[in-house]
Structure formats: structure tokens, C-alpha cells
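Novice: Before we start, here is the structure in question, set down as C-alpha cells.
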Amino acid sequence: FDRARGVVANGTLETSGQVRFVDFGNIPIDLSANVRNANIEFPKNISTSGNALVKISGNWFPYKLEIDYDVRKGVFAREFSEEESSIRTVRPSSFLPKFLDNDNFQTFNLDVAINMAKPLLVKNSQADAQFTGQLKIVGTPENPLFSGRVNTVQEGSLVFRSNEFEIVNASINYDSSPVENPKLYITAQTQISSDDLTYEIKLLIQGTANKPEISMTSLPPLQEYEIVSLLAIGMTSEQADENVGTKELAEQTSYQLGSALLASPLGKQIKNRFGFDFQISSEFDEDNEVIPKVTIKRQITKKLDATATRTLEQNPRNNVKVKYKFNNNLSVIGSWDGNEATSEDQNSSGNSSILGLDLEYKFKFR
């Protein structure tokens, strides 16, 4: 082939080289190709587009497939907990000769270099972040092994115990491992309010994706089991013992379980369709009665987000917050709080509302 053109993966293909038919079991191939603007899904739920230099060489199966791939954009929509069997997307055609339709037969040995000059978006029910880096893929199309490292390039978020954390730093390392089991190093933080206190919780995840080691710290400081309680039911075990009876705690937990269901794939479908997060939680009134609370969140831009909450009670309380982040340390927050009174209450005090504007600055003590 002096020059051949075609279409592959919705991109243009130009190839040259030679194929020699010497004998059965000896068919030398030496082909080179230039692929531009290709759209590839491999493995399943990992879609990328970009340009690639491709070379196929060898005398017989499995041939060596070398690819130097520059990724222009991509989306990692695969769940981190997906089973390995779900990535087996390469199946032999029923029209192939019998010797090719063999479980031990391999068509290609991979030697793929991926350069993510532009960020790859990781977006699933557990994370929403952008990564860049370089990867190497070897092995077979059915069982590829990954090496290399990718890092976050912008702010992102992850979900842990149904709570959304802001990613501070994250790196993913592959050492000849399957795509679903990299080595992780992730630091993230979130804020949770309980009993007029706001806790800043820091999360550290390290180890492999299949067996991660997780540790948490907080400010004001709490024991790790207390942090888990705070994330699970919105209060520490000490607060639960002091203020809440068994019935109230059960109700509180049931609302948190409902919120966890909404954070599952159902919640992901709601977010993809309507563009906002929907949560059901609870809080306690002045009489220590459990009150359900509905929260709607929307990330308007990368720096601007809005949150609206409403309690479901006789005199509902509403809260709206709009937060703009100038950077990781400085934010401005506008808020509105309103109480809806019943007709009897309106005769005496009427509805009340409060407007607020806060400047938030965070720094670390060294």
C-alpha cells in the first residue's frame, strides 16, 4: 500500500505499508497509519477523541499493535466498582475461521501510549473531576494492563458516605494493573453543621481502588468514629445520646438512608436530566423532634453554586445560599432565611426573613 484512505471510529485514516502472504502461519504485516479526529470507546464507558499514530507489525497472530494517542477530550463514565467482566467488549465474529475462534487465540498484543494533553473528565456517581497525565497500555484488548499516572488539574468533587467532598488533590497511579484497580492518593474536604457548630472534615484515601485505606480528621477535632457518625446521621454519637431518643434517632437514620438512595444511580439520573442534586435529610427543632428537610443543589458554573433547603413542618423554614469562590481560600456567600408562619402566628408576628452577606477566608496554621 503506497497510500490508502478510509474512515475509522468516525475519524479519517491514511495508511501505507505491506502485507506478505508467505504461508499459512507466516503472513508478515508492516502497516503504518495516521488517524485524525477519532472517537473511541475503550474500555467500556471510557470515551475519548483525538489523533493517533498506529503501527501493526509481526509475522503471525498475535500481531503487535502500537498506538501513540494524543487525547483532545474524553469522558471516564465508568463506575469504579464495575466488575471486570463488564469490560470484555471484544468478541470474535462468527464468520472467522475456527482457529481464530479460540479462547486462547489473541489477535493483537497492545503497546499503547496515551498522552492526555487536554483534561479527561471523570464523571460518575462517585466523582466529578478533570485529570491529565500519561498512560501506557499493554496486554490484549480483552485484558489490558495500565501503567502511568494522572493528576487532577482543576477543582472537583467526590461522594463519600453520601456526602459531597471537594477534591483538594488527587493522583491515580497504574502499575501494570487493570483499569478499575489503580493506586489512589486523594485528599478532599467538606463542611457539616451540627448543633450550631460547623465541622471541617478532611478525607484521605490511599491504597488500591479495590482495597482503599481511608482516614478522616476534623476541625474542631473529633475521633474518627465520631466523624463517621457525623457523616452518617448528621450528629456525633455524644450529641445523639444527649439530645435524641431511640425513636428520634431511628427517624433521623431513615431520612439519611433515603438521602443515600438519592445519591445512588437514581440520584445520578435526576442530576443528568434536570441539572441539580436532590437530597432528603433531617434536623431537630427546639423540642428535639425530627423534622424532614429537602435540599436542592445546583452547580451553576465552576465557581458559582446555589443551595436551597426547606423543612417539612407546620411552620416551614426556608434557606437559600449562593456561593462564589474566587479561589480555594476566598469565597463570598449570599444567604436568605425565611420562616413561614401559620395564619394564627401571622396575626401576632407575621412572616420573618433575614438577608445576609458573608466573606469566607480559609487559611492553615503552620
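Novice: Restricting the stretch 18-31 to residues that are free of Cβ contacts under 8 Å to residues at least 24 places away in the same chain, not aliphatic (A, V, I, L, M) and not in a loop (DSSP other than H, G, I, E, B), which is nearest to Pro119 (Cα to Cα)?
Specialist: Once the filter is applied, the top-ranked residue is Gln18.
Novice: Name the one entry in Thr198, Thr190 that is over 30 Å from Ala77 (Cα atoms) and either modelled with pLDDT under 85 or not in a helix (DSSP H, G or I) (or both).
Specialist: Thr198
Novice: Which residues, taken from the stretch 63-95, are part of a loop (DSSP other than H, G, I, E, B), over 19 Å from the mean Cα position of the chain (by Cα) and modelled with pLDDT under 65?
Specialist: Arg88, Thr89, Val90, Arg91, Pro92
Novice: Would you say Lys123 is over 30 Å from Tyr225 (Cβ atoms) and at pLDDT 90 or above?
Specialist: Here the answer is no, as Lys123 does not meet what is asked.
Novice: Another question about this same structure. Enumerate the pairs (first residue in the stretch 1-17 and more than 15 Å from Tyr69 (Cα to Cα); second residue anywhere and surrounded by 13 or more Cβ atoms within 10 Å (Cβ to Cβ) and among the charged types (D, E, K, R)) with beta-carbon separation below 6 Å, excluding pairs fewer than 6 apart on the same chain, so at least 6 apart or on different chains.
Specialist: Arg5/Glu14; Gly17/Asp30
Novice: Whether any residue in the stretch 5-15 is assigned to a strand (DSSP E or B), basic (Lys, Arg), under 38 Å from the mean Cα position of the chain (by Cα) and more than 25 Å from Gln126 (Cα to Cα) is what I want to check.
Specialist: no
Novice: Now for a different question. Given the criteria of a type in the set (Phe, Trp, Tyr), at pLDDT below 90, surrounded by fewer than 14 Cβ atoms within 10 Å (Cβ to Cβ) and not in a helix (DSSP H, G or I), does Phe99 qualify?
Specialist: Here the answer is yes, as Phe99 does meet what is asked.
Novice: In the stretch 300-312, what count of residues is obtained for those that are at pLDDT 85 or above and either within 26 Å of the chain's Cα centre (by Cα) or not in a strand (DSSP E or B) (or both)?
Specialist: Summing the residues that are at pLDDT 85 or above and either within 26 Å of the chain's Cα centre (by Cα) or not in a strand (DSSP E or B) (or both) in the stretch 300-312 gives 9.
Novice: Quick check on the stretch 165-177. Is at least one of its residues at negative phi and either at pLDDT below 70 or in contact with a helix residue (DSSP H, G or I) (Cβ under 7 Å, 6 or more places away or on another chain) (or both)?
Specialist: No, the stretch 165-177 contains no residue that is at negative phi and either at pLDDT below 70 or in contact with a helix residue (DSSP H, G or I) (Cβ under 7 Å, 6 or more places away or on another chain) (or both).
Novice: Filter the stretch 136-150 for residues that are assigned to a strand (DSSP E or B) and touching a Lys or Arg at 6+ places or on another chain (Cβ under 8 Å); which is surrounded by the fewest Cβ atoms within 10 Å (Cβ to Cβ)?
Specialist: Filtering first and then ranking leaves Ser147.
Novice: Can you tell which of Asn339, Asn351 is at pLDDT 75 or above and either over 23 Å from Pro220 (Cβ atoms) or surrounded by 10 or more Cβ atoms within 10 Å (Cβ to Cβ) (or both)?
Specialist: Of Asn339, Asn351, the one residue that is at pLDDT 75 or above and either over 23 Å from Pro220 (Cβ atoms) or surrounded by 10 or more Cβ atoms within 10 Å (Cβ to Cβ) (or both) is Asn339.
Novice: Note down all Cβ pairs under 6 Å where the first residue falls in the stretch 272-291 and is closer than 18 Å to Asn163 by Cα and among the acidic types (Asp, Glu), the second is surrounded by 18 or more Cβ atoms within 10 Å (Cβ to Cβ) and at pLDDT below 70, and they're at least six residues apart or on different chains.
Specialist: Asp277/Lys271
Novice: Still on this structure: Could you check how many residues of the stretch 151-180 are farther than 19 Å from Asn210 by Cβ and either not small (Gly, Ala, Ser) or not in a strand (DSSP E or B) (or both)?
Specialist: Of the residues in the stretch 151-180, 13 are farther than 19 Å from Asn210 by Cβ and either not small (Gly, Ala, Ser) or not in a strand (DSSP E or B) (or both).
The values are calculated or read from the model by the stated rules, or taken from the named source; none is laboratory data. Quick caveat: nothing in here was measured; it's all calculated off a predicted structure. Don't worry about glycine lacking a Cβ; one is built from the backbone with ideal geometry, like all the others, and counts go over all protein chains shown.
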